[in-house]
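Undergrad: Can you read through this structure? Questions will come right after.
No lab work stands behind these numbers, since they all come straight from the coordinates. All figures in this text were calculated on a predicted structure; none of them were measured in a lab. Here the Cβ is made from the backbone with ideal geometry for all residues, glycine too, and neighbour counts use every protein chain on show.
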């Protein structure tokens, strides 16, 4: 009975231990008995795609090995699959590549990997560290058109009870690593500038304190971009500006057509050199001529200086290059007396070689009357006194530039007040030559002219369409009788003004 009692007692004890084991298993009692490992960091080698998981040893005794687990489910119940056992219980690291482990159907640069490390005792019990996983980063790069930059994106680094301090974008070139951008911990993308390098490689580095308070870093996979920075215009200028005779303003421009940006906006200001408004947009192709002409139709106004500039824009309509500002060259004319005029102009243009003075009389074709040095801005024009038929006189200044081009100022004109004096008698036999012919004395008259002479019976005895061709007192080659004759003079000036004179003149012989 004692033996039976002992046997029964042993069975009861064994059954109790089994029930206790099952109860503890249900309540994770064994896990509480084993201190888990603490992950320090996980990281991807951007050059090899190797994954590193590093951990601190378990503080429990009799730990036989650590198991690396891939976390594939992160819902309420975290699930993982073990894929490597590391013997011993030390602070340790494990390096692997996904393409050597059947569990993984993807690469470390394709999908973030969440990893945990469990500690296993010699009796087979283990810690439960699944929820204390860390996750690798996957980075990608692409170019954006607006703005034209590189966008580096990455998945956030996650670690149990850790906070990332910052992310850094590292550029790798020929074995040299350079921090090109520092980003905030809450960011998962940053823009960086393109440059002239065709192929560039980047990875992201996260900095944080691990669960033991030690500074750690984790790097992402490598990402690459092959697009280099678009070529910006190297030059853009308004080479010259001309006020045409019809009040058009012509701009001769020079542009770097080899640039990758080809849209340009023309700006104009009519009040000062600051308040510009766009007036035109144009596009150039790589086959376009670098020198081209723009016309601002009927833009010129008297007593108004116009300012122009051209701006190159990128795909986002941001200004990327701007020409220097130019303004319409302007002259002023001052009348000194009937035969003397003073011409003044602004010396605003750059790289001037000399100035040419152009003059037009009575709307006739312009002629260059003089050329002066580039330090001169005043010219005095003395008109020949014999030019009595000058009704209007206009001037322009041509600005000769070093680049071989030239600009023209506005045309400024003076209209002369005509003068006409008609004698009341003449004597063909006089010793004074000007008294021998009947014709008006005049100044500043031009245009259509007509003079008719009538006898006392109303018969027309003389006609002339030349103001300098007067009546010499003859009718059909014979001396006309002395007496009173009537005249009618009609003149239409170039500006449309009509002059008409009627009267009587006495023909005498003494």
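Undergrad: Relative contact order for the range 236-327: what is it in percent, counting Cα pairs under 8 Å that are at least 6 residues apart?
TA: 35
Undergrad: Something else: Beta carbons within 10 angstrom, averaged per residue: use that to sort the peptides 358-367, 214-223, 285-294, highest first.
TA: 214-223, 358-367, 285-294
Undergrad: Let me ask something else about it. Mind checking the full-extension length gain between residue 422 and residue 101? Use 0.36 nm per residue of separation minus the Cα-Cα distance, one decimal, nm.
TA: 103.5 nm
Undergrad: May I pose another question? Which entry is the computed Rg and Dmax of the Cα atoms in Å for this structure: (1) 24.7, 85; (2) 50.3, 192; (3) 21.8, 74?
TA: Given (1) 24.7, 85; (2) 50.3, 192; (3) 21.8, 74, the structure-derived one carries the label (2).
Undergrad: What is the spin-label model distance, in nm, from residue 373 to residue 231 if the labels are put 7 Å beyond Cα along the C-beta direction?
TA: Placing both labels 7 Å along Cα→Cβ, they lie 4.3 nm apart.
Undergrad: While we're looking at this one, here's another question. Full-extension gain between residue 258 and residue 319, please, as 0.36 nm times their residue separation minus the C-alpha to C-alpha distance.
TA: 20.2 nm
Undergrad: Taking 0.36 nm per residue of separation and subtracting the Cα-Cα distance, what length does fully extending residue 273 through residue 460 add?
TA: Roughly 60.8 nm would be gained on extension.
Undergrad: Now for a different question. Pairing the Cα long axis of helix 2-26 with the longest principal axis of the chain, what angle in degrees results, from 0 to 90 and rounded to the nearest 10?
TA: Long axis of 2-26 versus the principal axis of the chain: about 0 degrees.
Undergrad: What order do you get for 341-351, 270-280 when each peptide is scored by the mean count of other beta carbon atoms within 10 Å, highest first?
TA: Ranking the peptides 341-351, 270-280 by packing returns 341-351, 270-280.
Undergrad: Follow-up question, since we're still on this one. How high is the relative contact order of the chain, in percent, counting Cα pairs under 8 Å that sit 6 or more residues apart?
TA: Computed value for the chain: 8 percent relative contact order.
Undergrad: Still on this structure, please answer the following. What distance in nm separates the simple spin-label points at residue 248 and residue 302, each placed 7 Å from Cα in the Cβ direction?
TA: 2.3
Undergrad: Within 10 Å, count the other beta carbons around each residue, average over each peptide in 59-69, 133-143, and list them highest first.
TA: 133-143, 59-69
Undergrad: A follow-up question, please. If r is the Cβ-Cβ distance from residue 123 to residue 214 and R0 is 30 Å, what FRET efficiency results, to the nearest 0.05?
TA: Taking R0 as 30 Å, the efficiency between residue 123 and residue 214 is 0.45.
Undergrad: What percentage of all Cα-Cα pairs in the range 419-507 are separated by more than 20 Å?
TA: Taking all Cα-Cα pairs of the range 419-507, the fraction more than 20 Å apart is 31 percent.
Undergrad: Can you sort 455, 466, 446 from fewest to most other Cβ atoms within 10 Å of each residue's own Cβ?
TA: Listed from fewest to most nearby Cβ atoms, that is 466, 455, 446.
Undergrad: Share of antiparallel DSSP beta bridges in the chain, in percent to the nearest 5?
TA: Once the DSSP bridges in the chain are tallied, antiparallel ones form about 100 percent.
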